[in-house]
Each structure stands twice: as structure tokens, then as C-alpha cells.
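Enquirer: Supplied in C-alpha cells, the structure appears directly below.
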Amino acid sequence: QVQLVESGGGLVQTGGSLRLSCAASKRTFSTSTLGWFRRAPGKEREFVARITWSGDSIYYRDSVKGRFTISTDYAKTTMYLQMNSLKPEDTAVYYCNLVVPGTSLVIPGRSWGQGTQVTVSS
């Protein structure tokens with residue numbers, strides 16, 4: 001099973017930027033879909049964005065549209081999430097995982113990694 005490792009989190013002020021990375025242990029099919037998720041303190045994990053390895057299908061949750069950009073580097077088997085204009089409500093632990101194509105659902109049986117903490121101060 002492909003392993004995914006998140007990195008790049010940190011502490012930033014409101015309006016700042018961060019770039020998260022999700023490194024895969026091996027390549028999957030170019031049509032595979034990867035997603036970013038986040039869990040804020042006291043809340044359930046929620047979907048943020050998804051992309052195919054090929055980059056030809058992208059989808060964002062409404063609250064991050066225009067601020068976050070998801071991308072992939074298939075050669076490096078790495079997915080990214082560029083986060084700009086960060087808000088305190090973006091504070092959460094961010095995770096990546098493989099998702100069912102065209103949905104926000106994690107592929108059944110997949111486990112979660114450690115995630116990377118993003119903290120946005122007001």
C-alpha cells in the first residue's frame with residue numbers, strides 16, 4: 001500500500017502563506033486522485049481539495065477557493081497545497097490521502113498519516 005507523508009506546516013499570521021507537501025512512497029496510476037483534508041480543534045476532519053496525479057481534475061471546498069492551490073509533481077510523486085491569505089479558521093492539522101475519483105471520500109481501508117499542523121494567528 002502506498003504510504004503518504006505530510007510536511008510543511010507551521011505558524012503564520014493572518015494573511016500569510018504556507019506550502020504543504022504530501023510525499024508518496026511510490027507512484028500510483030496517473031488517474032489516481034489525491035486529496036487534502038484537515039481537522040480543526042474540536043471538529044471532525046473535513047475535505048479541502050482533490051487532484052488527479054495528472055493534474056487534469058481539480059476540486060476545492062468553497063471556503064478555500066481562490067486562496068488555496070493544489071498541484072502535483074508526478075515525477076517526484078509529491079502533491080502540494082499552496083495556501084495564501086490564510087485565516088485563523090484555517091488552523092488545523094492537515095492530512096493527505098487517496099480518494100475515490102470524483103468524490104471527497106477516502107478510499108476504503110486507507111489509514112491516516114501523522115498530518116502537519118497549520119496554525120494561523122490573528
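Enquirer: How much net charge surrounds residue 24 when only the other residues with a Cβ under 12 Å from the Cβ of residue 24 are counted, with Lys and Arg +1 and Asp and Glu -1?
Expert: Working: positive: 26, 27, 76; negative: 6, 73.
Within the 12 Å Cβ shell, the charges total +1.
Enquirer: I would also like to ask the following. Which lysines, if any, have their Cα less than 19 Å from the Cα of residue 26, not counting same-chain residues under 8 positions apart?
Expert: In chain and number order, the partners are 76.
Enquirer: In debye to the nearest 20, how big a dipole does the chain give about its Cα centre with +1 on each Lys and Arg Cβ and -1 on each Asp and Glu Cβ?
Expert: In total the dipole reaches around 100 debye.
Enquirer: Determine the per residue accessible area of the stretch 26-122 with all protein chains present and a 1.4 angstrom probe, expressed in square angstrom.
Expert: Dividing the accessible area of the stretch 26-122 by its residue count gives 51 Å².
Enquirer: Run the Debye formula on the Cα coordinates of the chain, all scatterers equal and no solvent, and tell me log10 I(q)/I(0) at q = 0.15, 0.18, 0.23 1/Å.
Expert: Values returned for q = 0.15, 0.18, 0.23 Å⁻¹ are -0.60, -0.88, -1.44.
Enquirer: Could I ask something else about it? For the chain, calculate the relative contact order in percent as a whole number, restricting contacts to Cα pairs under 8 Å that are 6 or more residues apart.
Expert: Averaging sequence separation for qualifying contacts and normalising by length gives 34 percent for the chain.
Enquirer: Among the lysines, select those whose C-alpha is under 28 Å from the C-alpha of residue 87, and discard any that sit fewer than 8 residues away in the same chain.
Expert: Once the sequence-local lysines are set aside, what remains near residue 87 is 43, 65.
Enquirer: May I pose another question? Which residue fluctuates most in the GNM of the chain (Cα springs below 10 Å): 16, 55, 109?
Expert: With Cα springs under 10 Å in the chain, the top fluctuation among 16, 55, 109 is at 109.
Enquirer: Could you give the dipole magnitude of the stretch 51-122 about its Cα centre, charging the beta-carbon of Lys and Arg +1 and that of Asp and Glu -1, in debye to the nearest 20? Walk me through the numbers before you get to the answer.
Expert: Details: 6 positive and 5 negative charges, 8 e Å.
The dipole magnitude comes to about 40 debye.
Enquirer: What nm distance separates the two modelled labels at residue 121 and residue 23, each placed 7 Å from Cα along Cα→Cβ?
Expert: Between residue 121 and residue 23, the label points sit 2.8 nm apart.
The values are calculated or read from the model by the stated rules, or taken from the named source; none is laboratory data. As the structure is a prediction and not an experimental result, all values here were calculated from the model. Quick reminder, even Gly has a Cβ in these numbers, built from the backbone with ideal geometry, and neighbours come from all protein chains shown. Each accessible area value is taken on the protein alone, full model and side chains, heavy atoms only, with ligands, DNA and RNA left out. Shrake-Rupley method; radii C 1.70, N 1.55, O 1.52, S 1.80 Å.
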